[in-house]
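Trainee: Structure in structure tokens, see below.
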């Protein structure tokens with residue numbers, strides 16, 4: 001790029017940045033309180049819309065002037081809806097409130113905004129260091145994280161491009177446009193960035209391959225087809241900071257020489273689709289996309305394609321087929337998509353997190369990025385830690401942190417005094433690891449070695465009440481449903497795996513089933529074309545490897561040690577504990593299986609019981625009389641009194 | 001697949017047919033078109049598939065083949081109150097399957113079906129993205145977290161009561177007016 005051109009780019013961008021700065025300063029310096037509300041899907045699901053409405057109504061009612069700032073998601077799902085109130089006149093720093101429902105919103109408006117009392121019993125922490133209120137960065141859930149990709153998530157309004165620009169956004173694109181494509185690719189290669197979609201292919205290498213193909217027309221695709229049930233970081237990033245992804249895509253397109261880019265988002269993420277579409281429009285209006293970006297010779301159009309929900313479309317060749325309008329079935333590689341991809345054009349497909357990592361890398365330099373994480377896998381990993389864990393949500397940590405730190409220190413461990421049993425990493429393609437692996441550092445290679453997989457970054461923590469056979473059955477049910485049907489081994493093999501596992505969970509296991517599962521799994525791995533089939537048996541193989549005794553208990557003793565497989569358990573009431581006259585369980589039972597005995601205690605009609613466990617949940621803790629046993633024939637017999645006539 | 005279209009659906013189908021003109025006759029447009037049709041009709045009736053296949057000049061079987069491959073497309077009309085039960089990993093571990101079973105038992109239908117009066121339909125979905133609230137069910141557009149079997153009954157009862165109250169208000173209005 002010539003120096004005159006560079007000057008023109010700077011001029012164009014400076015004008016935009018000035019406008020953004022003006023808007024930010026105006027908002028920041030306005031002498032009124034600011035209310036920041038997290039409004040991504042998870043916040044909305046927990047009631048953020050009602051919270052926002054309650055704030056608006058209360059502000060009206062008490063006649064207070066304040067600004068409401070809708071932001072994305074901080075990743076603290078356990079605390080949703082999250083509200084940060086910045087009320088400078090009160091003398092307090094900005095305060096983080098958790099689980100703010102409509103009632104709390106009204107109360108805070110009256111007591112804090114009007115009367116200046118922050119209600120310490122509802123405060124979670126302060127957003128700045130101060131003498132009075134604990135700073136959130138003193139909590140492990142905050143300070144053990146290292147935010148690169150999600151740095152701005154939850155602080156900026158995803159629907160306002162100026163908010164992103166004022167926070168330093170798009171300045172890296174300006175920087176990139178002044179570099180040559182080779183310089184950018186070299187920097188990305190030096191940073192050691194590896195694709196965050198699961199396989200961990202070096203990103204810079206992929207870009208180089210695409211750049212060096214002789215073809216004129218090239219395409220960049222951002223893969224946001226997050227199909228793993230239990231992983232939702234791609235959605236959160238698109239909903240909380242879409243411009244960082246767009247900026248990363250633009251840099252990638254410039255580096256490889258593409259003029260067309262597509263974001264492939266699942267249609268099941270309606271909010272993400274809306275926000276990304278809006279973000280692209282805003283960027284185009286400011287000249288950051290479209291013809292001659294910022295007055296340079298680089299053109300870029302980004303379209304949104306809504307994926308219709310097929311797990312296999314996360315695989316790149318299947319994703320391409322799906323955009324072309326066919327059934328999303330993977331094909332043989334080579335030729336790789338970087339050689340022959342969408343409409344036979346060279347196509348670079350990168351995950352949302354990969355592309356969102358690019359702006360910070362170019363901004364701070366490859367050496368800065370290399371210092372985060374491990375030697376082989378620099379950078380950060382984002383996990384959605386869910387299941388039986390106290391502080392569930394999204395966590396971005398440097399690669400190489402141990403599972404123990406992640407689960408126990410950052411996420412607060414297992415709730416209800418239960419014991420840790422296993423952690424499932426990588427969704428349906430990943431595996432279950434037991435406590436022996438808690439000190440394993442997390443990166444691509446160590447997880448693959450342990451038999452699991454980084455995959456999408458979904459992490460489900462399981463406590464002692466989770467049956468590993470049942471969990472394997474669940475994942476196989478999922479992959480069997482999602483198998484595209486192309487390879488016989490995957491299509492029929494996963495069906496039989498599922499049937500065997502279903503038999504085990506029903507208590508109909510036979511001698512030799514474990515061996516059968518193992519050989520079948522190995523065959524499926526060997527005989528499948530794409531990642532779905534190659535990894536589908538992972539949950540079975542790892543759970544057999546680390547929890548073999550559970551499989552054996554299911555087969556030989558017809559017993560479910562975790563008391564989870566419903567055909568193998570039975571409920572009963574401990575008559576010594578059951579209280580006379582309490583009817584909690586009988587009222588809650590959805591099938592009227594609970595009856596009252598002749599001495600006014602309770603019994604379970606095993607014929608009617610559907611084993612939902614509701615009686616156990618509602619039984620008052622002071623009695624705690626409901627018991628589960630496995631195998632079901634151990635249940636003590638409790639006499640059911642003859643039915644009375646209703647007319648009596 | 002289903003039989004007759006309701007008058008409103010016929011109207012919507014006409015609307016769909018007129019909108020097809022804005023899509024170029026390219027294979028790549030098949031999925032966006034099907035998505036558009038489902039937004040208008042809330043499912044893909046046989047008649048709509050025929051219209052799409054004629055527009056793109058590909059076989060009906062081909063259109064049907066693509067549509068059935070993806071989870072998004074429905075071939076039955078959804079109920080007035082669609083119920084979606086999340087069966088993502090976190091919901092499953094916390095008993096999402098039991099919630100689904102309860103809905104099925106209460107309404108007497110299986111997932112993927114609609115009650116004969118077209119009031120309710122049940123679907124299972126993989127992860128709606130609020131795993132911290134597991135188990136989760138969505139009725140109409142509202143997300144209900146921390147579901148329990150007794151909550152299922154309560155939610156359905158509430159819809160019944162609301163319906164009854166509306167009915168009474170309508171009768172009252174009519175008799176007054």
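Trainee: Suppose we filter region A:277-286 for residues that are in contact with a helix residue (DSSP H, G or I) (Cβ under 6 Å, 6 or more places away or on another chain) and over 15 Å from residue A:249 (Cα atoms); how many remain?
Mentor: Residues meeting the conditions: 2.
Trainee: Only one residue in A:197, A:214 is assigned to a loop (DSSP other than H, G, I, E, B) and surrounded by fewer than 24 Cβ atoms within 10 Å (Cβ to Cβ), so which one is that? Even if it seems obvious, please write down each step before you answer.
Mentor: Details: A:197 fails: surrounded by fewer than 24 Cβ atoms within 10 Å (Cβ to Cβ).
Sole residue among the options that is assigned to a loop (DSSP other than H, G, I, E, B) and surrounded by fewer than 24 Cβ atoms within 10 Å (Cβ to Cβ): A:214.
Trainee: When region B:126-169 is examined, which residues are found to be within 7 Å of chain A (Cβ to nearest Cβ) and in a strand (DSSP E or B)?
Mentor: Within region B:126-169, just B:143 meets the criteria.
Trainee: Next question. Please state which one of A:458, A:507, A:493 is at pLDDT 90 or above and over 19 Å from residue A:552 (Cβ atoms).
Mentor: Values: A:458 fails: at pLDDT 90 or above; A:507 fails: over 19 Å from residue A:552 (Cβ atoms).
After applying the criteria, what remains is A:493.
Trainee: Search region B:95-125 for residues being touching a strand residue (DSSP E or B) at 6+ places or on another chain (Cβ under 9 Å) and part of a loop (DSSP other than H, G, I, E, B), and hand back the single one that is surrounded by the fewest Cβ atoms within 10 Å (Cβ to Cβ).
Mentor: Among those that are touching a strand residue (DSSP E or B) at 6+ places or on another chain (Cβ under 9 Å) and part of a loop (DSSP other than H, G, I, E, B), it is B:110.
Trainee: In addition: Among the residues of region A:19-59, how many are touching a strand residue (DSSP E or B) at 6+ places or on another chain (Cβ under 7 Å), in a loop (DSSP other than H, G, I, E, B) and touching a residue at least 60 places away in the same chain (Cβ under 8 Å)?
Mentor: 1
Trainee: Looking at region A:559-592 only, could you name the residues that are on the phi > 0 side of the Ramachandran plot and within 36 Å of the chain's Cα centre (by Cα)?
Mentor: Keep residues of region A:559-592 that are on the phi > 0 side of the Ramachandran plot, which gives A:563, A:581, A:592.
A:563, the sole residue that qualifies.
Trainee: Still on this structure, I have one more. Determine which single condition residue B:92 fails, assuming it passes every other condition in (1) more than 24 Å from residue B:7 (Cα to Cα); (2) at pLDDT below 90; (3) in contact with a strand residue (DSSP E or B) (Cβ under 8 Å, 6 or more places away or on another chain).
Mentor: (3)
Trainee: Are there helices (runs of 4 or more DSSP H) fully within region A:530-648 with at least 2 residues that are under 30 Å from residue A:486 (Cα atoms) and in contact with a strand residue (DSSP E or B) (Cβ under 7 Å, 6 or more places away or on another chain)? List them. Let's see the steps before the verdict.
Mentor: Numbers: elements: A:531-535, A:538-546, A:548-556, A:584-588, A:614-618.
Correct list: A:538-546.
Trainee: Would you be able to say whether some residue in region B:40-53 is at the interface with another protein chain (Cβ under 10 Å from one of its Cβ atoms), under 23 Å from residue A:266 (Cβ atoms) and without any contact (Cβ under 8 Å) to a residue 60 or more places away in the chain? Give the derivation first.
Mentor: Of all residues in region B:40-53, those at the interface with another protein chain (Cβ under 10 Å from one of its Cβ atoms) come to none.
No.
Trainee: So, in region A:66-89, how many residues would count as being away from chain B (no Cβ under 14 Å), in contact with a helix residue (DSSP H, G or I) (Cβ under 9 Å, 6 or more places away or on another chain) and in contact (Cβ under 8 Å) with a residue 40 or more places away in the chain? If you could, list the steps in order and put the result at the bottom.
Mentor: Initial filter on region A:66-89 (away from chain B (no Cβ under 14 Å)): A:66-71, A:83-89.
From what is left, the residues that are in contact with a helix residue (DSSP H, G or I) (Cβ under 9 Å, 6 or more places away or on another chain) are A:66-71, A:83, A:85, A:87.
If we keep only those that are in contact (Cβ under 8 Å) with a residue 40 or more places away in the chain too, we end up with A:66-67, A:69-71, A:83, A:85, A:87.
The qualifying residues number 8.
Trainee: Taking residue B:105 as meeting all but one of (1) more than 8 Å from chain A (Cβ to nearest Cβ); (2) farther than 24 Å from residue A:388 by Cα, write down the number of the exception.
Mentor: So the condition that residue B:105 fails would be (1).
Trainee: Can you go through A:272, A:267, A:231 and tell me which one is surrounded by fewer than 24 Cβ atoms within 10 Å (Cβ to Cβ), within 14 Å of chain B (Cβ to nearest Cβ) and modelled with pLDDT under 95? Before you say what the answer is, go through the steps one by one.
Mentor: On the way: A:272 fails: surrounded by fewer than 24 Cβ atoms within 10 Å (Cβ to Cβ); A:231 fails: surrounded by fewer than 24 Cβ atoms within 10 Å (Cβ to Cβ).
From the options A:272, A:267, A:231, the qualifying one is A:267.
Trainee: So how many residues does region A:234-264 have that are within 26 Å of residue B:71 (Cβ to Cβ), in a helix (DSSP H, G or I) and away from chain B (no Cβ under 11 Å)?
Mentor: Filtering region A:234-264 down to residues within 26 Å of residue B:71 (Cβ to Cβ) leaves A:234-240, A:242, A:245, A:261-264.
Next, from what is left, pick out any that are in a helix (DSSP H, G or I): A:234-240, A:242, A:245.
Then keep just the ones that are away from chain B (no Cβ under 11 Å); that gives A:237-238, A:240, A:242, A:245.
Looking only at that region, the number is 5.
The values are calculated or read from the model by the stated rules, or taken from the named source; none is laboratory data. Every value quoted in this text rests on a predicted model; they were computed, and no experiment measured them. Counting neighbours? That spans all protein chains shown, and the Cβs are built from the backbone with ideal geometry, glycine included.
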